[in-house]
Amino acid sequence: MTRVRTVRVLTCHASLACGHSVRTGVIGFYPVAVLCPACPLLSASWVTTLAILDDDQALVGKDEPLPEPWVVTVDQQLTAEAPNWQTYTVAIYTDRRHNDAAPPDEYVLNAPTLTDAIVLAARAAAAGELLDIGALIAIDDDGLPNIHVVCARTGKPTHPADTPGLAWTDLRPDTPTPPDGPSQHSR
């Protein structure tokens, strides 16, 4: 009997820093950067606005490879998210954490939108591993990039920052909320 596993499938619409818009499908992680098919040199570009179109589950057989991530160009630009500064927690796997079967690194930061929080945390994780944007798009044998975002949520973790095995990195001093104004979210 063939064993099957359930995998998370995300289909997203994203606006990119290069100015193009794409629709992309990935397995088990949030796209933070993609190889833009509309750019002449097929270069990697950061996501600036992200909308999850479909978050589904798929059954994959034990001996079947995971579906490849895909990206296609679309004409429709996403409207920018309304800024609503909040504290976010973003969990990111790096090769080091993934290979050790350890929980992902968690980054706590202030950002105007969820997309900004995801991208800022991914940049911090890449810099911490001395890697560049390529680590967010190069797919390894396990079907995941070297660095990939597995979850993002508002607020900070409920456990203290120095909990062994669950420690989180506080980036809030580097990502302060703006002065009091209409877009600031009260805590």
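Would you kindly derive the ³J(HN,Hα) couplings of the stretch 108-122 from the backbone phi angles with the Karplus curve 6.51 cos²θ - 1.76 cosθ + 1.60 (θ = phi - 60°), listing them in order in whole Hz, with x for Gly and Pro?
Couplings: 10, 8, 9, 8, x, 9, 5, 4, 4, 4, 4, 5, 4, 5, 5 Hz.
Can you compute the FRET efficiency between Asp63 and Arg96 using 1/(1 + (r/R0)^6), with r the Cβ-Cβ distance and R0 = 25 Å? Round to the nearest 0.05.
According to the calculation, E is roughly 0.35.
How large is log10 of I(q)/I(0) for the chain at q = 0.09 Å⁻¹ when the intensity is taken from the Debye formula with one equal scatterer per alpha-carbon?
-0.34
Tell me, which cysteines of the chain are without a disulfide-compatible partner by the Cβ under 4.7 Å rule?
Flagged as lacking a Cys partner: Cys12, Cys18, Cys151.
Taking θ = phi - 60°, what integer Hz values does the Karplus form 6.51 cos²θ - 1.76 cosθ + 1.60 yield along the stretch 146-151, in sequence order, with x for Gly and Pro?
In residue order, the calculated couplings are 3, 10, 8, 8, 9, 7 Hz.
Using amide H atoms built in the peptide plane, which far-off residues or other-chain residues are under 5 Å from Ala111 H to H?
Amide H to amide H, under 5 Å and 5 or more residues apart or across chains, Ala111 pairs with Gln86, Tyr88.
Near the amide H of Thr48, under 5 Å away, which other amide H atoms are found, from residues 5 or more places off or on another chain, if H is placed in the peptide plane?
Sorted by chain and number, the residues that satisfy this are Ser15, Leu16, Ala17.
Using 7 Å Cα-to-Cβ label points, what is the His159/Cys18 separation (nm, one decimal)?
Calculated label separation equals 3.9 nm.
Ignoring ligands, DNA and RNA, what percent of the 1.4 Å accessible area of the stretch 1-42 is carbon and sulfur?
59
Whole number in Å², please: accessible area per residue of the stretch 64-107, 1.4 Å probe, ligands, DNA and RNA not counted.
Dividing the accessible area of the stretch 64-107 by its residue count gives 61 Å².
Ignoring everything except DSSP H segments at least 4 long, calculate the 222 nm mean residue ellipticity for the chain; use -39,500 (n - 2.57) per segment, divide by total residues, nearest 500.
Value at 222 nm, helices only, nearest 500: -3000 deg cm²/dmol.
The values are calculated or read from the model by the stated rules, or taken from the named source; none is laboratory data. Keep in mind that what you see is a predicted model, and the values were worked out from it rather than measured. Reconstructed Cβ throughout: ideal geometry from the backbone, glycine too, with neighbour counts over all protein chains shown. All accessible areas refer to the heavy atoms of the entire protein, side chains included, with ligands and DNA or RNA removed. Shrake-Rupley method; radii C 1.70, N 1.55, O 1.52, S 1.80 Å.
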